[in-house]
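Have a look at the structure below before the remarks.
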Amino acid sequence: MRLRRAIPLLVFAVMLFIPAFAFAYNEGGSVTSSLTACTACHGVTAGSPTTGTVDVSRTGPHANYTTTSSKCGVCHSVHQASSANLLPAATASAACATCHDGTGGNGVYGVLAARGLTVAAAHRVDKTNVVPGGDAANGGPATVSFSGPGGTLSCDDCHSPHGSSVVTAFTSDRLRTASYETTWNAGVRPFTSSALLKQRPGVYTGTPITEYGSNWCGACHQGRVNHSMGSAFNHPVESTATAATPYIYRNVPVLSGSATSSVLTLGAMGRTNGGYLMLQAPAEPSSQRHPPICQQCHGDVRYVGKVADDGQSARPATFTVTTPNGTTSTDNPRFQVFPHESTSPRFKVESNDDLCLNCHTTMSLP
């Protein structure tokens, strides 16, 4: 009789000590189905991804909470949390790494080192509170108070973990997994995502930034966009400081074609290298009136192509991403982890004169 009473109590006690995180997911990896049902994170699947109809519940555990979903428990532990926010780790960034852990060189951090390369630039989470170019008055560095420990930068300073008040979805370069790419992109359309980017990143308290572009970067790097025309300490940047309706990441002049026949259209920078080249007038009359957006100079390292000496045409390099997480060294770009880490100092797309000559031809120099 005592044994029968003891068994239910033992089972109940064990249940109390089961942590909220019992998942084997890693960024760019997979979920072990024996540990949890896919619907616990992603909700109920509806329709076919190959028809062009996107099920809005496919946002992972970061949005679309309902009374019948189990998404809250994916990130929050009610009785055994390690932090005040009921998170399974001591900091928000550490909690993010519980799933986005970069195991084996998957994800957005640890990828370069796993391929034997040196990280030359990174947004360092839980480590720094200094923003390069953060001083709006003089373009110098600024010390701010982020939400991480000791005021350091945290993942949730840029990303909204609950998917609220995020920027408009855009097409990025990133290939997550081969199966993901095949399922969602084959013959249908590029997969778009907000990347959970906040409309008010960091310590920014101004008007919500609904589009990913220079203004989004400038929310923290304020000295890089303020006074960006005619300023001695900044290269001109296309932003609301220079244009009433500035170009954004999903709507910039994109080049395609050959060195003798270039086609210029407005489109997304994602999945193309043609958005990094700028022609000279008269081939592109507005090119002398607008500067580049931040992401045309800062992004994942790649070879973008070549502008003709007279600036009237260009040959964009072929965009090639065949495998995720930089496992194919010949992919262009090889890595798609911007703005988390880069092999290039200051996240420059190309180095030295290669970068400058994407816009400034030798014939156009005074």
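Annotations for the structure displayed:
- Reach of Lys127 by Cα under 30 Å, taken over lysines that are not fewer than 8 positions away in the same chain: Lys71, Lys198, Lys348
- Extension gain (nm, one decimal) between Ala281 and Arg124, 0.36 nm per residue minus Cα-Cα: 52.5 nm
- Scanning residues 5 or more positions from Ala142 or on other chains, those with amide H under 5 Å from its amide H are Val131, Gly133, Gly134, Asp135, with H placed 1.01 Å from N in the peptide plane.
- Couplings 3J(HN,Hα) of the range 267-283, computed from phi: x, 7, 6, x, 6, 7, 9, x, x, 9, 10, 10, 7, 9, 5, x, 4 Hz, in residue order, whole Hz [Karplus 6.51 cos²θ - 1.76 cosθ + 1.60, θ = phi - 60°; x for Gly and Pro].
- Whole-Hz Karplus values for the range 115-129 come out as 9, x, 10, 9, 7, 9, 8, 7, 8, 8, 7, 6, 10, 9, 10 Hz, taken residue by residue from phi with 6.51 cos²θ - 1.76 cosθ + 1.60 and θ = phi - 60°; glycine and proline positions read x.
- For the range 283-366, trypsin sites (Lys or Arg not before Pro) meeting the loop criterion (DSSP other than H, G, I, E, B) and having at most 11 other Cβ atoms within 10 Å: Arg289.
- In nm, spacing of pseudo-spin labels at Asp353 and Thr320 (7 Å Cα→C-beta vector): 2.6 nm
- Note, ³J(HN,Hα) from phi for the range 145-152, Karplus 6.51, -1.76, 1.60, rounded to Hz, x at Gly and Pro: 10, 7, 9, x, x, x, x, 7
- Net lengthening on full extension, Thr205/Arg115 (0.36 nm per residue, minus Cα-Cα): 28.5 nm
- Backbone amide hydrogens, once placed in the peptide plane, bring Thr168 within less than 5 Å of Glu211, Tyr212, excluding anything fewer than 5 places away on its chain.
- Per-peptide packing, taken as the mean over residues of other Cβ atoms within 10 Å, places 293-299, 126-132 in the sequence 293-299, 126-132 from highest down.
- Between the amide H of Ala121 and those of Ser342, Ser344, distances stay under 5 Å, these residues lying 5 or more places away or on another chain, with hydrogens modeled in the peptide plane.
- Spatially proximal aspartates and glutamates relative to Lys306 (Cα-Cα < 14 Å; intrachain offsets below 8 disregarded): Glu350, Asp353, Asp354
- From the alpha carbon centroid of the range 270-319 to that of the range 103-170 is 27 Å.
Readers should treat all values here as calculations from the given coordinates under stated rules, not as data from a laboratory. Worth saying up front: this structure is predicted, and the values here are computed from it rather than measured. All Cβ positions, even for glycine, are placed from backbone atoms using ideal geometry, and neighbour counts span all protein chains on display.
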